[in-house]
Amino acid sequence: MPLALLALAVSAFGIGTTEFVMMGLLPNVADDLGTSVPTAGHLVSAYAIGVVIGAPLLTALGSRVPRKKMLLLLMALFVVGNLASALAPGFGWLIGGRVLAGLPHGAFFGVGAVVAARLVREDRQARAVATMFLGLTVANILGVPAATLLGQHLGWRATFLVVTVIGLLAMVALARLVPYVPVDERQSLGREMRALGRPQVLLGLLTAVFGFAGVFAVYSYLASMTTEVMGFGQSSVTLVLALFGIGMTAGALAAGPLTDRALRPTLYGSLGALALVLVAFRFTIHVPWLALVTVVVLGAVGFMTTTPLQMLVMNKAKDAPTLASASNHSAFNLANAGGAWAGGAAVAAGWGWTSPTLVGAGLAVVGLAIAAVAGLLDRTRTAEGASRVVAGSAQAAEGHEPAVSGSSSPASGS
């Protein structure tokens, strides 16, 4: 694998750390800024809003910018957003900093996925994209727990200062390791928008919204499940989150080669497995060691969906994939927000802390159904195209036969 993928993975590590670390720092931020923990929870939503807005907007604005330069500009905005968060004088300013830090998230992964795919042979493109995403998963094993501990001991501002430094290091790595990747001369905003509007691309994005929401319906409340249902103490929450991150990394490693070999079966299998594991978690959560094993498996099957979904929208928007690729991350963050809302609604309704598992399973099944419909439509369209080719070949052959017959008649008559 090219060293440029390492630069992309380091960048993904920084982005993943700042995205998820706020969940562990909410009490610290609330105490320091004189607000409640539920109100501080809006900081998580603020980042997601930045992703949803920034992914299509920044990708569109940078559609004619060379890919390497675009990556550097996006990472520079990431650095500014995290520095603004670290220096925020009040809660409102911190909200603004979180939105600013989230703006480049989707566009970076969208452009980065296209660059990663161009660095390798066609039969290894999914592995290249999965390698970039490894930075995101490793952030959940190392970055988030370490940054959370740092914030708890030195203050939450120190966490965002460290993330700012990671962003600067990522910029150095991108500048030194990523080669010049020109913009396709045929690429334009109109072309990207038309590619984004293709039915198969939209169905892929919809699959991401519902399928991945199943993961976040549970992940958003995993800390509470750890203490309220599994019976572990507050100090064990970091360990449980790290186990989830280990599963995510294993899933990302497996997803690359599997997607290269068979994209849609990998997508169907991961979504189906996600639904089954979520249902199983409803029962294994009451047995501590089984619950920990299930958390690892849940992280693995949940994150196995990301690479095939990313490659699906890129393939279906093949001649203009950047906007579709970036929009996929908007879909993932809508899944984040929607899954958290659905799981929280079940808890608020009095169904208990295990209810998000069944809500998540239902969302995963909806995602699988959408993916299956998209696959059926794709096969139908492919079959129709093949039929037209066969029919056209037959017509051409029939049209050629009279000419052959006519040319031989004079010879036979002479």
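The values are calculated or read from the model by the stated rules, or taken from the named source; none is laboratory data. As the structure is a computational prediction, the values presented were derived from the model and not from experiment. As a convention, Cβ positions derive from the backbone with ideal geometry for all residues, glycine included, and neighbour counts pool all protein chains shown. Only protein heavy atoms, including side chains, enter the accessible area calculation; ligands, DNA and RNA are left aside. Shrake-Rupley method; radii C 1.70, N 1.55, O 1.52, S 1.80 Å.
Full-extension gain between His286 and Ala76, please, as 0.36 nm times their residue separation minus the C-alpha to C-alpha distance.
Numbers: separation 210, 0.36 × 210 = 75.60 nm, distance 4.54 nm.
Contour length minus the Cα-Cα distance gives 71.1 nm.
Please report the net charge: other residues with Cβ closer than 15 Å to the Cβ of Gly81, K and R +1, D and E -1.
Values: positive: Arg98, Arg157; negative: Glu19.
Taking every other residue near Gly81 into account, the sum is +1.
In whole percent, what relative contact order does the chain give with Cα contacts below 8 Å and a gap of six or more residues?
Numbers: 734 pairs, mean separation 96.1, N = 414.
Relative contact order for the chain comes out at 23 percent.
Accessible area per residue for the chain in Å², computed with a 1.4 Å probe and the full protein assembly in place, what is it? It would help to have the intermediate numbers written out before the result.
Working: 17050 Å² over 414 residues.
On a per-residue basis, 41 Å².
By how many nm would the segment from Ser36 to Val373 lengthen if fully extended, with 0.36 nm per residue of separation less the alpha-carbon distance? Display every interim value, and only then the final one.
On the way: separation 337, 0.36 × 337 = 121.32 nm, distance 4.40 nm.
That works out to 116.9 nm of additional length.
With Rg and the Kirkwood Rh both taken from Cα atoms, where does Rg over Rh land for the chain?
Working: Rg = 24.3 Å, Rh = 22.3 Å.
Rg/Rh for the chain comes to 1.09.
Stick to Cα atoms and the Kirkwood definition of Rh, then tell me Rg/Rh for segment 246-356. Don't jump to the answer; show the numbers that get you there.
Working: Rg = 15.8 Å, Rh = 15.3 Å.
On the Cα set of segment 246-356, Rg over Rh gives 1.03.
How many nm is it between the label spots at Tyr180 and Leu154, if each spot is 7 Å from the Cα in line with the beta carbon?
3.9 nm
Between Tyr268 and Val293, how many nm apart are label points set 7 Å from Cα along the C-beta direction?
2.8 nm
Mean separation of Cα pairs under 8 Å and 6+ residues apart, divided by the residue count of segment 53-158: what relative contact order is that in percent?
Details: 93 pairs, mean separation 28.5, N = 106.
Contact order relative to length: 27 percent.
Determine the principal axes of the Cα atoms in segment 45-99, then give the extent along each, sorted from largest to smallest and rounded to whole angstroms.
37, 19, 11
With Cβ to Cβ distances under 15 Å as the rule, what net charge do the other residues near Tyr47 carry (K, R +1; D, E -1)?
Values: positive: Arg98; negative: Glu19.
Spelling it out: positives minus negatives among the neighbours equals 0.
Which number do you get for Rg(Cα) / (2.2 N^0.38 Å) in segment 309-385? Could you put the intermediate results ahead of the total?
On the way: Rg = 16.4 Å, N = 77, 2.2 N^0.38 = 11.5 Å.
For segment 309-385, the normalised Cα radius of gyration is 1.43.
Take every Cα-Cα distance within segment 153-237, group them into 5 Å bins from 0 onward, and report for each bin the whole-number percent of pairs it holds.
Percent of Cα pairs in each bin: 3, 10, 8, 8, 10, 15, 18, 13, 8, 6, 3, 0.
Of all the accessible heavy-atom surface of the chain, with the other protein chains kept in place and a 1.4 Å probe, what percent is carbon and sulfur? Write down the numbers at each step before the final one.
Numbers: 11920 of 17050 Å².
Within the chain, the accessible surface is 70 percent carbon and sulfur.
In nm, to one decimal, how far is the Val165 label point from the Leu239 one, both placed 7 Å along Cα→Cβ?
Calculated label separation equals 2.9 nm.
Would you mind calculating the gained length between Trp93 and Arg381 on full extension (0.36 nm times residue separation, minus the Cα-Cα distance), in nm to one decimal? Intermediate results must be reported in sequence, preceding the final value.
On the way: separation 288, 0.36 × 288 = 103.68 nm, distance 5.08 nm.
Computed gain between Trp93 and Arg381 is 98.6 nm.
Compute the long axis of helix 322-348 from its Cα atoms, compare it with the longest principal axis of the Cα atoms of the chain, and write down the angle in degrees, 0 to 90, nearest 10.
Relative to the chain, helix 322-348 is tipped by roughly 50 degrees.
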